[in-house]
Amino acid sequence: MPVVARARAMRKRMSPPEARLWVALRRLRARGYHFRRQHPMLGFYPDFICLDRRLIVEVDGAGHNWRVEQDRRRDAAFAREGFTTLRYDNASIRDNLDGVLAWIVARLEAAAPTRPLRGHPPRDGEGEG
């Protein structure tokens, strides 16, 4: 299956905890944080990614218990590209969505943007003159 088609199919099959977190992450757009779902990257499909702040958020279900080593290698590949990965289990999202969201926002605020969120660079006052 082509990469884009696979990503689209994965977006349609989100688990209930992923869907719940997605609704919460979309509300962060008003604060300038834009997340994508299942964005193809390095041969993987992170659950949620904020490219500007180089932050990946993963929702781990019960099946991730046997994938610890695979998840570690995946997170290391993302880290080599400058991304931080946050992992939350389904129960955390179900029982403490506000706490999970607060931690994500704190990480977003601590990360320097990789490009300006809006507007053009200033015309004067920068560079050698």
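The values are calculated or read from the model by the stated rules, or taken from the named source; none is laboratory data. Quick caveat, the model's predicted, so the values are computed rather than measured. Reconstructed Cβ throughout: ideal geometry from the backbone, glycine too, with neighbour counts over all protein chains shown.
Residues that are surrounded by 12 or more Cβ atoms within 10 Å (Cβ to Cβ) and either part of a helix (DSSP H, G or I) or not aliphatic (A, V, I, L, M) (or both) within the range 74-90 comprise 74, 75, 77, 78, 79, 83, 84, 85, 87, 88, 89, 90, listed in sequence order. In the range 42-71, what residues are assigned to a helix (DSSP H, G or I) and at pLDDT 80 or above? Matches in the range 42-71: 68, 69, 70, 71. Looking only at residues of the range 32-86 that are more than 18 Å from residue 21 (Cα to Cα) and acidic (Asp, Glu), we find that the one that is farthest from the chain's Cα centre (by Cα) is 69.
The residues in the range 72-119 that are modelled with pLDDT under 95 and in contact with a Cys (Cβ under 7 Å, 6 or more places away or on another chain) can be counted, and the count is 0.
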